[in-house]
1. For segment 109-138, give me the residue count where each residue is of a type in the set (Ser, Thr, Tyr), crowded, with 19+ Cβ neighbours inside 10 Å and in contact with an Asp or Glu (Cβ under 6 Å, 6 or more places away or on another chain).
2. What number goes with the only condition from (1) in contact with a helix residue (DSSP H, G or I) (Cβ under 9 Å, 6 or more places away or on another chain); (2) open to solvent by 30 Å² or more (accessible area, probe 1.4 Å); (3) not small (Gly, Ala, Ser) that Leu666 does not pass?
3. If I go through segment 155-201 residue by residue, how many of them are within 55 Å of the chain's Cα centre (by Cα) and polar (S, T, N, Q)?
4. What residue, among those in segment 569-597 that are among the polar types (S, T, N, Q) and in a helix (DSSP H, G or I), is most open to solvent (accessible area, probe 1.4 Å)?
5. So which residues in segment 346-386 are without any contact (Cβ under 8 Å) to a residue 12 or more places away in the chain and outside any helix (DSSP H, G or I)?
6. When you go through (1) without any contact (Cβ under 8 Å) to a residue 60 or more places away in the chain; (2) open to solvent by less than 10 Å² (accessible area, probe 1.4 Å); (3) not basic (Lys, Arg) one by one for Glu451, which number turns out not to apply?
7. Tell me which residues, restricted to segment 72-108, are part of a helix (DSSP H, G or I), open to solvent by 60 Å² or more (accessible area, probe 1.4 Å) and in contact with an Asp or Glu (Cβ under 7 Å, 6 or more places away or on another chain).
8. So which residues in segment 139-149 are modelled with pLDDT of 90 or more and open to solvent by 70 Å² or more (accessible area, probe 1.4 Å), if there are any at all?
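The values are calculated or read from the model by the stated rules, or taken from the named source; none is laboratory data. What you are looking at is a predicted structure, and each value in this text was computed from that prediction instead of being measured. Counting neighbours? That spans all protein chains shown, and the Cβs are built from the backbone with ideal geometry, glycine included. SASA here: full protein model, heavy atoms, side chains in, ligands and nucleic acids out. Shrake-Rupley method; radii C 1.70, N 1.55, O 1.52, S 1.80 Å.
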Amino acid sequence: MESDKEFPTELQSITFQILSSNETAHMEAIFYDLFSPEPKPKPHSEALAFLQCSKKHHPDLLFIKLFFLLRCGATRLTRANSARTLHLLSQPDIWPKLKPIAQASLKAHFTAYLQEETSLHVLRLVAPVLAETLSIIYKDHQQHWPEVLDFLLSFTASNDDKSRETALLVFANLHKDCRLRVSNALRGSVPVLRTSFMESLGSSNADIQVAAFGAVVSLVRLFSDPCVFHELLRAMMVAAFALLHGSDGSYFQRAFAEMVRLVMEEPALLKPYASDMVVDVLQIVESDAGLSIETQQAAFELVMAMTEVEDYATVLKSHNHQTLVRVFMIPMKMLLFVEDEDDKKEKDGCGVYKVGLKWLNRLCLTVGGDIVVNIGCHILKIFLDSQYWKKRHAGIAFLTVLSKDFSDEMVMSENFLMEVVTKFFKSFQDCHDRVRLAAFSFMQMPTNFVEAMHVLYHHRLMHAFAAALDTTQNYKVKEQTASAMLFFLKTTLPDSLTLYKNADVIINNFLSILKGKQGAKLRSIALVSLNIIAQQCHELAHKYCASYLPILLEECEDNNSEIKEEATRGIRICAEFGTPHLKPLVNRILSYLSSVLIKEPNHSISENAKVYDIAVSVLGRICEFHRDTIDGSKIVPAWLSCLPLKNDLIEAKLMHEQLCLMVARLDKDLSGAGNQNLLKVLVVFIEVVDNGDKLASPQTIKQMNNLLRQLGRNIPCTAINTVLFSLNDRQRELLLPFLASYPVAFAVADKGRDGAREAGGEEKPSSRVDSGFAAPSRRGDRDHHRRRSRTFVPGCAAAEASLTAVDANLTRREEGERCEERERQNACGEGEGVAGGFYRVSAAAAFSAVAVCRAHRHRSHELRWGRKPSSLCCCSHRAATATLRFFVFLSYFVSAFDSIKFDVAVSVIGVGDAAIAPVVLESPLLLWV
């Protein structure tokens, strides 16, 4: 009972008055509110609040009051309710907080009470309270209560059944963590306890016998001597058989629950006797005494407890084959409590059935290996051949349990495959629906055993599935049959269906399901199955496309999203074959696709998101395999506009692979007039690549990277600005690495940053690493570049001139940096900003010259940059003019190598100053770009 919350002062005062008074009416009213069977929610909560407040603020008074009522209550009901309340309060939280005088007072009440109480009913309620108090006291090494132990010892030896049962119940309810200390306190009284326990186990009073079971288990450490323990254990088994036949089952169940506790808690003591105890349990459960299922379960719990303790595993395995079969037969019989849909009376046995499955699984794991497979083979032959449908159903359930963990052993066992599987096949044609349901459900298990059956018996399975689909009238059985067939198609070899001579029967069965408008789940299974067949068996697909396509178009109108998905996917599969049957339906298909693509503008968050992606995939396959039936110049760009796909990953990978193939072969409809669709292709590629292998296979990603590099080399320089400015920041960042040979790309990126500076904004950080692209800032860098350029082009006057320009400008770097801030504010003015701007552009030109010279040196058609300028944008008219003049000079130097695309020169085009246009127009560089 929780008591952490704060309580009003008024309630604290009321509780104090009630607890300190001599009258009992208020407490009896609280008892009534707490324990009355009549529903009284508000008074019940008020009574709990009273107890919680008392427990927190007046624990001494509360316990003294309750013990006083326990001892002096006028009626048995008052005393019984006092005991219930004490148990409700959870003494471990309270006893340590009581004052020593209060603890002493309560001990005195207890010892006096045990001698005075006449009601056995009340004593049975008090026994757990006294055991809890005793446990709390002995848990503390410094506290003892020898007086009450003496009373309990005297009670166990008493001829009075009431006293003896009370003492035994107290011992039975001791807390586990204090039993050893109490046992040590009683060690000198072992002979007395041994005698009294033996007498109690043999008593004619069933209540005393059950209480003795609990007392022996709690104090078993006192009887660790093998002879003494063996004597007590045999006495307990004899008493268990006596309770089994001499009273109602509840006494036996309570007594055997204590035996199970002993097995779990003391495996070292019980292990030598475990084998005999298993046989004893089998005798109890197999007896013809008309025991209830609850009693049988209570007895067999002892064996199941052994499966949870590792020490007993070897004991269970040591039994001979026949004994182990008897053990497994117990939970097998529990599987007979399967409910029949036509018999509502049997539904109460569903719990027994589930327990039986659970126990079978635990037994299998404990026994394990070849042993359990041999046992299973023995049992399954009996159950699968039975005339009783529940036994046949139980056999399939056991087969399911076995195959989960022992598939490999089952496959390797020749007897199991030859004998059990042959009998199992009969279940597909069983006269009872529940058996057929279980059989087809088993065939959907993803286990090695089922896969082995697919391989070894695929012809028989195909025949069984076809027959069941053709003859079964029960809807659930047909659904499970179709599911089993679908699982078979997904896991078996592609040619299995082609080799089956009656494959037409199966296809027609699935088509009839679709034509007959069966739910959606069965129709969905039929669609998935037919789609798999179409993908695996092209000959069959061509044969049935004429019948299948109209059905698919009808199913596309269904409201169920799963059915729409599979129907649309079926159209895509048919489109891949290039079948002529699709041509008459193209307009109808395009109309459907248009409705899907138009209705789903927010397809990524729609429940039909996958339908949208599959529809795009259908459109792509029509573009690829049926271009002659459509206007490719319109449909192909429409398909491209829907990419990339992100919801159906299967279709996404197909379409992105197809896009790569179309780009690689320079599909004219895809690129459009004047390559107008190139930008969209780039966007799709970089988005797919950015998602890794989620939206495309590794091979497709690699191909996209290669295509991006090719496109990057072939994009006209005049179009690069347009391309980059058409992208968002993330897309531009992803595309830039593929345009690394184009300094203009970096010029555009830097121009965006300079534009932010001109507007007085902050430069946004970029995730791209610019290391290696900045102009040199130290004289050492300058000397480094001079040495490198001379190595590449020794004696080259043009290179020397460009390096002289570099030297002149590098000496002005410091001045340029001082002008940087002013340049940001007046980037397009004449004044002081020119120096910094001229530095950047002329340095860029010089590095461009070095790159060209290097290309000359190595007879290369590519510019190989040793160090790239971080910015090529012109900051002023004067800087632009000076740079263009240098480019004009440089162009004459490289004019003999017209194969070199010196695109750097046009980096200043588009500055927006008409005054520099004549200079640009004079440049022969325009002939090369």
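1. Count: 0.
2. That leaves (1) as the condition not met.
3. Residues that pass the stated criteria total 5.
4. Result: Asn587.
5. Within segment 346-386, just Ser386 meets the criteria.
6. (2)
7. Answer for segment 72-108, where residues must be part of a helix (DSSP H, G or I), open to solvent by 60 Å² or more (accessible area, probe 1.4 Å) and in contact with an Asp or Glu (Cβ under 7 Å, 6 or more places away or on another chain): there is none.
8. Answer for segment 139-149, where residues must be modelled with pLDDT of 90 or more and open to solvent by 70 Å² or more (accessible area, probe 1.4 Å): there is none.
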